[in-house]
Amino acid sequence: MNTTEKVIFEQFPYWEKAIGSTSAPHDAELTVFVGCGTSYNLALSLAAYSNMAGRPAIAAPGAEWLNRPGAFWPRWRETHVVALSRSGETTETVAAAKASRAAGASVTAVTVEPESSLAKNCDFLIKAETHPDEGIVMTVSASLMLLLGMQMIGQEIPHSIVKSAHRLADDLDAALPGVIANRSHFVFLGSGPLYGVALEGALKLMEMSQVMTQAFHPLEYRHGPISLVDEKTAVVMLYSADQKAAETKLVEELREKGAVVIGFGGPADLELTVDCDPALVGLCVLPGLQILGERSAQSRKIDTVSPRHLTKVVKLA
Ligand code: F1P
């Protein structure tokens, strides 16, 4: 077992410690979740969860918020910015936090590095302890930052989620790599807060196993992207409780066209039970998506401990 795989499966005690850590949501006209890479995917999901909880929010990549905040929100100086960064050292995210504060916005940092530059340049700090062996590919810290962000929004996270997420990852792993054998085109579909999670599944598999991946809102998929589907395609459907019938129909069409489908919470070639409150599905499925990336890499004999062209932190000169 390599270190990436070990860390994925050893993440759950860190969830236990992070659950219940309190952090009150802010009263702001708009909350802007900002991050890069995985942290941006988490930002997208958190913005959706925040809106669903009645707290208006958007998400922006670190560099976009730094360089053109006005393209996202005309009154950006009055916003509450939540900057997400595992390292707390990503150039664009740290600069976006500093610029936001200088312009009068309040900044909350969500990180696992309490001594980082980001942690030192925020008004409020939300932190968790992460696995010391986590490498370049972000796994446990992504789960933790999503968990912390959801708690910040006011979502109660029950301890039972830990067992559910662990079991889900185990259930998927038992079918891997067989279910994805000979598949080289991976598509991740998720709606609402699950769209950011679908993007994260796609990013994880791409960076771990050097395969082209895509992510879409499910019902967008028929509008062009479906032209690529064939016997090389594997689809990961993150089912939404309120859209299940439409998503089930889409899955039937994709299977007819040759795709193999992994269904989190609904019909598929491999149907996985997601045993949690619908509001927690995004968090519950993350470890499973991480192990999917790892097994896909292993089947290609790719070492995820030193992924090609990647570094743990992107620091711009
Ligand atoms: C952001 C990030 C990671 C990615 C890569 C480079 O890091 O894009 O998501 O895995 O290793 O950096 P951070 O700001 O969350 O530390």
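Please treat every number below as a calculation from the coordinates, not as lab data. This is a predicted model, so every value here is computed, not measured. With ideal geometry, Cβ positions are generated from the backbone for all residues, glycine too; neighbour counts draw on all protein chains shown.
Helical content of the chain, expressed as a calculated mean residue ellipticity at 222 nm, amounts to -12500 deg cm²/dmol (DSSP H runs of 4 or more residues, -39,500 (n - 2.57) each, divided by residue number, nearest 500). Using a 10 angstrom cutoff on alpha carbons, build the Gaussian network for the chain and name the most mobile of 148, 199, 176. Highest fluctuation of the listed residues: 176. Full extension of the chain between residue 249 and residue 223 gives 7.9 nm of extra length, using 0.36 nm per residue less the Cα-Cα distance.
With a 10 Å cut-off between alpha carbons and a GNM built on the chain, which of 100, 116, 227 moves the most? Sorting by GNM fluctuation, first place goes to 227.
Counting only pairs 8 or more places apart or on different chains, how many lysine pairs in the chain have C-alpha atoms closer than 15 Å? Lysine pair count for the chain: 6.
Among 22, 3, 139, the ranking by other beta carbons within 10 Å of each residue's beta carbon, starting with the fewest, stands as 22, 3, 139. Taking the longest Cα principal axis of the chain as reference, the axis of helix 38-52 is set at about 80 degrees.
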